[in-house]
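The values are calculated or read from the model by the stated rules, or taken from the named source; none is laboratory data. Remember, it's a predicted structure, so these values are computed and weren't measured experimentally. FYI the Cβ positions are ideal-geometry reconstructions off the backbone, even for glycines, and counts take in every protein chain you see. Remember, those area values only see protein heavy atoms, side chains included, never the ligands or the DNA or RNA. Shrake-Rupley method; radii C 1.70, N 1.55, O 1.52, S 1.80 Å.
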Amino acid sequence: MNIEDFRDYCLAKPGTTEELPFDEDTLVFKVGGKMFALCSLSEYRKGIALKCNPVHAVVLREQYAQILPGYHMNKKHWNTVLPLAGLEPDFLKSLIDHSYTLVVANLPKALKPL
C-alpha cells in the first residue's frame, strides 16, 4: 500500500483528521483527538505506527517479519508496520481498522463519530 492509498484509507474513516503536530514530516491521523496512525512523509517505507491490542500485537510480531514493536511509541500498545514489504493491502487495511476501532472504543461517548 503506497502512502497515497494509506492516507485516503485513513481519511475515509468517520471523524478522522490529519495533522502534522510534531514536525513537518510526521503525518498523524486522529479520531476524537486521539492518534490511531502515523507515518513519516519522507520515509514512509520505514513504517507506519498503528495502535494494537497488546496480546494481538505480540502474535502479529511473531507471525510477520514486517510487523515490529512501535518505533518511538509504547511498544505494548503500538506496532510499526512496514507498508511496502509485501503485506497484502487488505491485511494492512485490517490493521488500520483495528487501530481505529481500539481508539474509538475508548473515546467518551460525546467524542465518538456517528
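For this structure, a couple of remarks:
- Protection proxy ranking of 59-72, 93-106 - average other beta-carbon atoms within 10 Å, highest first: 93-106, 59-72
- Basic side chains Lys and Arg get +1 at the Cβ, acidic Asp and Glu get -1 at the Cβ, and with that the dipole of the stretch 1-105 about its Cα centre reaches some 460 debye.
- Most positive-pole-ward Cα, PHE29, ALA105, PRO89, against dipole of the chain from beta carbon charges: ALA105
- DSSP H segments from the chain that extend 15 Å or more along their own axis, Cα-based, with Kyte-Doolittle mean of -1.0 or above: 89-105
- Per residue accessible area of the chain, 1.4 Å probe, in Å²: 57
- Sorting 47-57, 12-22 by average packing, meaning the other beta carbons within 10 Å per residue, from highest down gives 47-57, 12-22.
- Virtual paramagnetic centre 7 Å along Cα→Cβ of HIS72, amide N under 15 Å, in the stretch 1-27: 19-27
- Two-decimal ratio, the stretch 11-114, of alpha-carbon radius of gyration to 2.2 N^0.38 Å: 1.03
- Proximal aspartates and glutamates relative to LYS112, as straight alpha-carbon distance under 20 Å, when same-chain residues fewer than 8 apart are discounted: GLU18, GLU19, ASP97
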